[in-house]
1. Among the residues of region 31-49, are any among the hydroxyl-bearing types (Ser, Thr, Tyr), modelled with pLDDT of 95 or more and surrounded by fewer than 16 Cβ atoms within 10 Å (Cβ to Cβ)?
2. Can you pull out every residue in region 107-118 that is open to solvent by 10 Å² or more (accessible area, probe 1.4 Å) and of a type outside the set (Asp, Glu)?
3. Name every residue in region 50-70 that is at pLDDT 75 or above and either touching a Lys or Arg at 6+ places or on another chain (Cβ under 9 Å) or of a type in the set (A, V, I, L, M, F, W, C) (or both), in order of residue number.
4. Within region 89-106, restricting attention to residues that are modelled with pLDDT of 95 or more and open to solvent by less than 50 Å² (accessible area, probe 1.4 Å), which residue is nearest to Leu129 (Cα to Cα)?
5. For region 102-148, which positions are within 20 Å of Thr181 (Cβ to Cβ) and of a type in the set (S, T, N, Q)?
6. Output the residues belonging to region 214-248 that are part of a loop (DSSP other than H, G, I, E, B), modelled with pLDDT under 85, among the small types (Gly, Ala, Ser) and under 25 Å from Thr188 (Cβ atoms).
Amino acid sequence: DKSYTCKSEVHAKRDAIISYECGFPNKEDVKAVIYDNGELCFEGSGDIVSYQNGYPWIKYTNDEECPLPITSVTFEETVTPQSLDYYFENMTTLEYCGRIPESTMFMVGTFMNCTELKNGANWTQCKNLTNITSCYQGCNNILYIPAIPQYVKVADYCFMDCWFLNEAPDMQYAVSIESATGMFMNCTRLNDILSLPINLGYAKDMFNGCINLQEMPEIPGNVVTMSNMFNGCTNLVGGSGVSYSSGNINSTYATTDKYLTFER
């Protein structure tokens, strides 16, 4: 309706406070710039370096002389990292991260213990992403995670201790996931799982401690081990048509007090 109008103010002005050269193999090709609005922006072109002893922007936020909290992370489209392993680990002030560059292959521990994150970063375009181990582990307040990309193979402990996560991310197209050990361990509010990856092999502790999970998803036939998979799921009421190939099911339902049926 053209009779309605709306005016919005966008505070786009920002001043750079400090920057770090972090390109690879040429450090000067990419810079991590911290702005006075709390944004950490990766600017330039090409891959970025992997640090061995922590990332300099995290040290900066903990510097008593420059106590500027980083609240958001962005990447210019020309920045093409392969690995974001532990890049924002323990950044407890981080509230937002938008698009993950599609070149990214590894996100091990990327947002571990980012306790202010409410929504997961958009990684749906990351066709090369294979390992998301512990990516969001300890993100206690996260509410939403976008669908897991198709070629992810390892998701061990990815969402462990995400206490406020009600619904598991869509795994319908995540057909490559083989290992999901402890993937949703201690997600105490998790109550909805749409489906499990069809090629899942290792599901040990996958939903251990998910006390509000009520309906058991269908277990794929390729599962090798599911020990403690539903241990502690005290509200699980069961499921039908459950099958698995072989392997260890010790303590799968150890503290589940509801009636369950499954077949082998």
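1. The answer is yes, given that some residue of region 31-49 is among the hydroxyl-bearing types (Ser, Thr, Tyr), modelled with pLDDT of 95 or more and surrounded by fewer than 16 Cβ atoms within 10 Å (Cβ to Cβ).
2. If the condition is that a residue be open to solvent by 10 Å² or more (accessible area, probe 1.4 Å) and of a type outside the set (Asp, Glu), then Val108, Met112, Asn113, Thr115, Lys118 are the ones that fit.
3. Trp57, Ile58, Leu68, Ile70
4. Thr104
5. Once the filter is applied, which keeps residues that are within 20 Å of Thr181 (Cβ to Cβ) and of a type in the set (S, T, N, Q), region 102-148 yields Thr110, Asn113, Thr130, Asn131, Thr133, Ser134, Gln137.
6. Gly239
Yes/no matrix, rows are residues, columns are (1) open to solvent by less than 10 Å² (accessible area, probe 1.4 Å); (2) of a type in the set (Phe, Trp, Tyr); (3) on the phi < 0 side of the Ramachandran plot:
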residue: Asn128; (1), (2), (3): no, no, yes
residue: Asn140; (1), (2), (3): no, no, yes
residue: Ala155; (1), (2), (3): yes, no, yes
residue: Ala168; (1), (2), (3): yes, no, yes
residue: Ser179; (1), (2), (3): no, no, yes
residue: Gly182; (1), (2), (3): yes, no, no
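The values are calculated or read from the model by the stated rules, or taken from the named source; none is laboratory data. Just so it is clear, the structure is predicted and the values come from calculations on it, not from any experiment. A quick note on method: Cβ atoms are made from the backbone with ideal geometry, for glycine too, and the neighbour counts reach across all protein chains shown. Side chains are part of the model used for accessible areas, which takes the heavy atoms of the whole protein and leaves out ligands, DNA and RNA. Shrake-Rupley method; radii C 1.70, N 1.55, O 1.52, S 1.80 Å.
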